[in-house]
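Contents: one structure, followed by commentary.
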Amino acid sequence: MPGTSRYPGISYGGRVDALRGLLGERGLAAMALTNLTNIRWLTGFTGSNGFVAVLPDRLVLVTDGRYGERATAELAAAGVAADIEIGLTQAEQHAKFVGALTGPERVGAESLTLSHHRWQAYAAELPVAPADGMIEDLRRTKDDGEVARIAAAAAAADAALAEVAPLLATGVTEHDVRTELEYRMRLHGADGPSYDTIVASGPEHAARPHHEVTHRPIVEGDTVVIDVGGLVEGYHSDMTRSYVVGEPSARQLEMYDLLLDVQLAGLAAVRAGMPAKDVDAVCRQAVTDAGLSEWFLHSTGHGVGLQIHEDPFESPVSTAELRAGDVVTVEPGLYRVGFGGFRIEDLVVVTESGCRILTKTPKDTPCPPSPPTT
């Protein structure tokens, strides 16, 4: 609840004015916000039902009876001035929202996240036009309060993995490891997992970048990919570490060392002004030069914040340039059925001269840490 956070405040001031400026550049007189993530970023409101009308001279938040007091408290804590309207039914909420937006000649709406049915309902009563990407672009630059929450989520994942990784050689299952990680992240301050934790083991499961956890026992000789992140006050973290259970083979060491070099090269390429696709190219070219292009099955990274995957994306087709304040992953991987796989992922804050790494778990070896002695 407002006022109870352990972290520095988030700077909501200026966000509404920045959005209004972008609306003016697009020839829009108002904005109908329906994406809850964007509403949270703009106003601080965290409820599961809400609509925001951004007008030249005022803000209107429409929600239902469950969230009236919460909306008042959260917007006050964020320092955001808005009229809060309560509709007890969906029809009442729709009428209040449309009523607030009636009058402006051209109203922007989030076409990429609205259903066809909802778009038609708005278009029947308002002069709506697609206006996607503006808030997503503004969301990229994280302030100190946002970075503090992401860093805390990363720290919870680091602490949990430090405690759980030594268990890999004890006959546990993928399911066991996933459950322990998510439990221990909460013990270390996370509100929960950032996404469905990935624990992928063995010659088949570890070859799937987004494997879904099973009850397969983890055995000696397995490669194990663990992709884990925490969630703190709505902000996500993302990290992957990879291990070999038992003594690594020469081939496993060769692949791991190659991937670590590739990942370090990707990190070294990160800085403000760097085209995001060039970070991907640095990693992809190194893998290609090793004759393993078919082993690299996904893009190199993505933005992280209120969503686990958000702009900018470090992919071969990206048109974005990295900016100071972006929080992004660098996560090349190598996967092959019969071999298994490795992925090494760090979460970083982009700076003018490079990046600051938020994930602290060691990655210099594929050997999991030994259990602590008693």
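The values are calculated or read from the model by the stated rules, or taken from the named source; none is laboratory data. Owing to the predicted nature of the structure, the values given are computational and were not obtained by experimental measurement. Cβ atoms come from the backbone with ideal geometry, glycine included; neighbour counts cover every protein chain shown.
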Can you name every residue in the stretch 108-135 that is of a type in the set (A, V, I, L, M, F, W, C), out of contact with any Phe, Trp or Tyr (no Cβ under 8 Å at 6 or more places or on another chain) and under 16 Å from residue 39 (Cβ atoms)?
112, 131, 134
Scan the stretch 275-285 residue by residue and report those that are more than 20 Å from residue 208 (Cα to Cα), in contact (Cβ under 8 Å) with a residue 40 or more places away in the chain and part of a helix (DSSP H, G or I).
276, 277, 279
Number of the condition not met by residue 200 [criteria: (1) closer than 25 Å to residue 326 by Cα; (2) assigned to a strand (DSSP E or B); (3) small (Gly, Ala, Ser)]
(1)
Kindly establish whether residue 263 is surrounded by fewer than 15 Cβ atoms within 10 Å (Cβ to Cβ) and over 23 Å from residue 167 (Cα atoms).
no
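Quick one: which of 307, 263 is in a loop (DSSP other than H, G, I, E, B), in contact with a helix residue (DSSP H, G or I) (Cβ under 9 Å, 6 or more places away or on another chain) and not small (Gly, Ala, Ser)? Give the derivation first.
Working: 263 fails: in a loop (DSSP other than H, G, I, E, B).
That would be 307, the only listed residue that is in a loop (DSSP other than H, G, I, E, B), in contact with a helix residue (DSSP H, G or I) (Cβ under 9 Å, 6 or more places away or on another chain) and not small (Gly, Ala, Ser).
Is it true that residue 247 is over 22 Å from the mean Cα position of the chain (by Cα), charged (D, E, K, R) and in a loop (DSSP other than H, G, I, E, B)? Show your work before the answer.
Details: over 22 Å from the mean Cα position of the chain (by Cα): yes; charged (D, E, K, R): yes; in a loop (DSSP other than H, G, I, E, B): yes.
Yes.
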Of all the residues that make up the stretch 164-193, how many are closer than 16 Å to residue 366 by Cα and either outside the structural domain of residue 224 (by TED's automatic domain parsing) or touching a helix residue (DSSP H, G or I) at 6+ places or on another chain (Cβ under 6 Å) (or both)?
1
From (1) within 28 Å of the chain's Cα centre (by Cα); (2) closer than 21 Å to residue 134 by Cβ; (3) touching a residue at least 40 places away in the same chain (Cβ under 8 Å); (4) buried (at least 18 other Cβ atoms within 10 Å of the Cβ), pick out the condition that doesn't hold for residue 74.
(2)
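What residue, among those in the stretch 293-304 that are surrounded by fewer than 17 Cβ atoms within 10 Å (Cβ to Cβ) and not in a helix (DSSP H, G or I), is nearest to the chain's Cα centre (by Cα)? Please lay out each step first, then the result.
First, the residues of the stretch 293-304 that are surrounded by fewer than 17 Cβ atoms within 10 Å (Cβ to Cβ): 293-294, 297-298.
Still in the list and also not in a helix (DSSP H, G or I): 297-298.
On the way: 297: 20, 298: 16 Å.
Among those that are surrounded by fewer than 17 Cβ atoms within 10 Å (Cβ to Cβ) and not in a helix (DSSP H, G or I), it is 298.
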Identify all residues within the stretch 21-47 that are buried (at least 18 other Cβ atoms within 10 Å of the Cβ), more than 25 Å from the chain's Cα centre (by Cα) and assigned to a helix (DSSP H, G or I); write none if there are none.
23
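Hey, among the residues in the stretch 161-188 that are among the polar types (S, T, N, Q) and more than 29 Å from residue 149 (Cβ to Cβ), which one's modelled with the highest pLDDT? I'd like the intermediate steps shown before the answer.
So the first thing to find is which residues in the stretch 161-188 are among the polar types (S, T, N, Q), and the list is 170, 173, 179.
Next cut, more than 29 Å from residue 149 (Cβ to Cβ) only: 170, 173.
Details: 170: 95, 173: 98.
The extreme case among them is 173.
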Condition set surrounded by fewer than 16 Cβ atoms within 10 Å (Cβ to Cβ) and in contact with a Leu (Cβ under 9 Å, 6 or more places away or on another chain), scope the stretch 77-104, selection farthest from residue 39 (Cα to Cα): answer is 103
Subset of the stretch 139-172, residues aliphatic (A, V, I, L, M), touching a Phe, Trp or Tyr at 6+ places or on another chain (Cβ under 8 Å) and over 30 Å from residue 220 (Cβ atoms), comes to 148, 150, 152, 153
